[in-house]
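What follows is a single structure, written as structure tokens, with notes after it.
The values are calculated or read from the model by the stated rules, or taken from the named source; none is laboratory data. Please read all numbers here as calculations on a predicted model, not as lab measurements. Glycine also receives a Cβ, built like all others from the backbone with ideal geometry; neighbour counts cover every protein chain displayed. When the accessible area is computed, the model is the full protein with side chains, heavy atoms only, and any ligands, DNA or RNA have been set aside. Shrake-Rupley method; radii C 1.70, N 1.55, O 1.52, S 1.80 Å.
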Amino acid sequence: MSVSSEQVSNIDSPYPDGFRHNWTKKEILEFFDLPMMDLLFQAQTVHRKYFDPNRVQLSQLCSIKTGGCPEDCKYCPQSSRYQTDVDAERLMAVEKVLEGARTAKANGATRYCMGAAWRSPKDRDMAAVVDMIKGVKDLGLESCMTLGMLDSDQAATLKEAGLDYYNHNVDSSPEYYKEIITTRTYQDRLDTLENVRGAGLNVCSGGIVGMGESKADRAGMLQTLVNLPQHPGSVPINMLVQVEGTPLYGKGQMDPFDFIRTIAVARILMPASYVRLSAGREAMSDEMQAMCFMAGANSIFYGEKLLTTTNPQQNTDLELFARLGITPEGQ
Ligand code: SAM
Ligand code: DTB
Ligand code: SF4
């Protein structure tokens, strides 16, 4: 079975991007079932049409409000329902957040992603959040926030403040999602994405693999993302970071090739989107990461910390880039 890369775009597409937004699960599974080398070749071919294959974008995370979250996401160390090492903290002071942004810029990141362990932002938090966005923008960095569910007024406020991207992941397939989170529905997530799009913000949305889901679930997650009215500009693909105390701790490790396949299929389906090799890189070998870049990943989280867990040292990443001949975007 071979699938031509021409199938990803369609000149008759009613969508302004010219891409397809009507993929069936069966079609997506056909990509997953390709021999690995054929899949990688197709993904590289698509990737090279839209991007320089030797450039990777660097995003730096900052946890502006850590822990104490009322939600029950079974993967998350920040939920107050699980006993983890994460202590609940208050919203960080704006100046502290901007200090982190200056360091991120000095280290070569081009996007600063601020995350809060909230179900959704409260009115009382919005003034500080707006100041953070303005400050990051003044530094000439792209700004991204992930604060939980947003209504359309909140999305408009963030847009007005100058926010570039809003991250809200679908996390898994509609079916498997119910096994992972019960305190908000899949539809709630889609509604937030609609509010974000409606406000004119760029969407960053992806999910997590390695939570015990099936291949069909991975296909279903990508199906949700690709069939949105607009492909998300950024698609973070996280490999579950297993944190002691969370219900998903102790799940068997997934086959690394299945992770790489997910990246490759995301690349083929959403040719012009940034596909981010996100959480979980510390558990990956250099060779696995290189295969992810070959599969079309062109963005990473950079810096020693994700939100609450560790990420590879900057020097380690820069050495890997040098060995692969990869140049960070903006340099
Ligand atoms: N609280 C907000 C929300 O959930 O919408 C924003 C922050 S939340 C930590 C952002 C995303 O991080 C989650 O949707 C999930 O995809 C990812 N994430 C959280 N914990 C993770 C873990 N242990 N491994 C991999 N990804 C994780
Ligand atoms: C995303 O998709 N992954 C990031 C970001 N968006 C907010 C978060 C990863 C969190 C990993 C676990 C932790 O450090 O707490
Ligand atoms: Fe809360 Fe977000 Fe963690 Fe879910 S993923 S428990 S909403 S911080």
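A few comments on the model shown:
- Filter result (within 16 Å of ligand 3 (Cβ to nearest atom), in a strand (DSSP E or B) and either open to solvent by less than 50 Å² (accessible area, probe 1.4 Å) or among the β-branched types (Val, Ile, Thr) (or both)) within the stretch 295-331: 301
- The lone exception for residue 138 - which of (1) touching a residue at least 12 places away in the same chain (Cβ under 8 Å); (2) touching a Leu at 6+ places or on another chain (Cβ under 9 Å) it fails: (1)
- Residue within the stretch 43-51 that is among the β-branched types (Val, Ile, Thr), touching a residue at least 40 places away in the same chain (Cβ under 8 Å) and away from ligand 3 (no atom under 16 Å from the Cβ) present: yes
- Pair list, Cβ under 8 Å, 6 or more apart: the stretch 289-305 residue free of Cβ contacts under 8 Å to residues at least 24 places away in the same chain, other residue polar (S, T, N, Q) and part of a helix (DSSP H, G or I): 304/314
- Counted residues, the stretch 220-251 - those being away from ligand 1 (no atom under 13 Å from the Cβ) and aromatic (Phe, Trp, Tyr): 0
- Only listed residue being away from ligand 2 (no atom under 16 Å from the Cβ) and either charged (D, E, K, R) or open to solvent by 10 Å² or more (accessible area, probe 1.4 Å) (or both), chosen from 171, 217: 217
- Among the strands (runs of 3 or more DSSP E) confined to the stretch 96-206, the ones with at least 3 residues that are not polar (S, T, N, Q) are located at 111-116, 142-146.
- Residue match in the stretch 102-112 (condition: open to solvent by less than 30 Å² (accessible area, probe 1.4 Å), over 21 Å from residue 197 (Cα atoms) and within 16 Å of ligand 1 (Cβ to nearest atom)): no
- For the stretch 1-51, residues that are assigned to a loop (DSSP other than H, G, I, E, B), modelled with pLDDT of 85 or more and surrounded by 15 or more Cβ atoms within 10 Å (Cβ to Cβ) total 5.
- Residue list for the stretch 250-268, filter: outside any loop (DSSP other than H, G, I, E, B) and among the small types (Gly, Ala, Ser): 264, 266
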